Amino acid sequence: VVERVLSPASPLHHEATTLLAEDPTLAASSDLLHHAVLGAIANGAVTAGTISTQVGRPVSNLSPTINRLVDAGFVVRHEDPVRKQRPLYALADPYLQFHYAVLEPHRTVLRSRDLHDVWANRLRTIFDARVRGPVFEQMARTWVERFAAAEELGGVIDHVGPSFATIDGVEHELDVVVAAGDGAPAERTIVAIGEAKAGETITARHVARLERARASFGPRASAAKLLLFGADFDLGPTERDRPDVVLVDLSRLHGT
């Protein structure tokens with residue numbers, strides 16, 4: 001990573017900038033605004049409102065830019081399975097996520113400091129939170145869409161995506177929400193909700209958080225399964241043996 005990516009002399013260091021500059025669908029538009037939007041999404045702004053706040057432009061002015069980036073394949077729009085007109089946005093490629101979360105905001109440091117030290121003591125933490133985490137969350141959603149059995153989840157898998165749950169007046173992002181039904185999002189039955197934690201040990205605390213999120217949705221989520229994706233689990237038999245808890249470790253996630 002240090003020699004092939006972080007070094008300012010590496011071709012990969014400037015790959016994202018080159019990709020945008022060479023894309024014909026973006027040629028007639030503002031490069032600075034494209035980079036600003038991509039940087040905002042990579043650093044945690046996943047709704048139109050939060051992107052607008054970070055970029056400093058009204059949502060109405062940003063919509064054409066976001067749509068161009070979606071059409072060009074740089075950004076993915078995730079429709080919220082259970083809330084109307086609340087799409088969430090993500091960068092389409094893990095390297096773009098790496099570029100805008102790790103490389104771009106730290107160019108000055110990367111030019112002036114020892115790269116091994118910068119990676120170990122500063123950028124690795126950012127990488128885990130801003131790159132490894134979102135990529136793992138998308139892997140979890142893909143697993144549900146392609147490989148999860150409806151019988152295990154207890155319902156038909158019609159819609160899969162991220163969403164939010166309001167707990168004690170505060171919105172909390174949910175990595176995976178599974179809904180059934182073809183009606184309006186607010187009328188769909190919530191089949192399952194889940195969290196994907198790439199760098200954390202899954203404990204009873206995560207189960208309790210999902211229980212509170214499930215309760216916040218009311219009757220339509222009363223039978224929802226609680227999905228937990230991770231590499232390391234520290235759960236007692238009380239949590240492991242619950243029929244409403246589904247644990248997906250790396251071997252299940254990768255089909256090995």
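The values are calculated or read from the model by the stated rules, or taken from the named source; none is laboratory data. As the structure is a prediction and not an experimental result, all values here were calculated from the model. Using ideal geometry, Cβ is built from the backbone for each residue, glycine included, and neighbour counts are taken over all protein chains shown.
Some observations on this one:
- Qualifying helices (runs of 4 or more DSSP H) (wholly inside region 116-155; at least 3 residues being within 18 Å of residue 42 (Cα to Cα)): 124-127, 133-146
- Selection within region 58-80 - out of contact with any Ser or Thr (no Cβ under 7 Å at 6 or more places or on another chain), in a loop (DSSP other than H, G, I, E, B) and within 22 Å of residue 130 (Cβ to Cβ): 73, 74
- Qualifying residue in region 220-227 (condition: in contact (Cβ under 8 Å) with a residue 60 or more places away in the chain and in contact with an Asp or Glu (Cβ under 6 Å, 6 or more places away or on another chain)): yes
- Taking the conditions (1) surrounded by fewer than 20 Cβ atoms within 10 Å (Cβ to Cβ); (2) at negative phi in turn, residue 255 satisfies each one other than (2).
- Residues that are in contact with a Lys or Arg (Cβ under 7 Å, 6 or more places away or on another chain), outside any helix (DSSP H, G or I) and modelled with pLDDT under 85 occur at least once in region 4-25.
- Just so you know, in region 103-154 the residues that are of a type in the set (Gly, Ala, Ser) and under 30 Å from residue 222 (Cα atoms) include one that is modelled with the lowest pLDDT, and it is 154.
- Of residues in region 8-52 being among the aliphatic types (A, V, I, L, M) and loosely packed, with under 13 Cβ neighbours inside 10 Å, the one farthest from residue 133 (Cα to Cα): 28
- Qualifying positions in region 181-220 - modelled with pLDDT of 95 or more and among the aliphatic types (A, V, I, L, M): 190, 191, 192, 193, 196, 202, 204, 207, 208, 210, 213, 215
- Within region 65-91, the set of residues being crowded, with 19+ Cβ neighbours inside 10 Å and without any contact (Cβ under 8 Å) to a residue 40 or more places away in the chain comprises 65, 66, 75.
- Enumeration of residues in region 194-217 that are out of contact with any Phe, Trp or Tyr (no Cβ under 9 Å at 6 or more places or on another chain) and in contact (Cβ under 8 Å) with a residue 60 or more places away in the chain: 217
- Given (1) part of a helix (DSSP H, G or I); (2) surrounded by fewer than 22 Cβ atoms within 10 Å (Cβ to Cβ), index of the condition residue 171 fails: (1)
- Among residues of region 22-40, those that are closer than 17 Å to residue 91 by Cα and without any contact (Cβ under 8 Å) to a residue 12 or more places away in the chain, counted: 2
- The listed residue being under 20 Å from residue 253 (Cβ atoms) and not assigned by TED's automatic domain parsing to the domain that holds residue 221, out of 94, 162, 87, 105: 94
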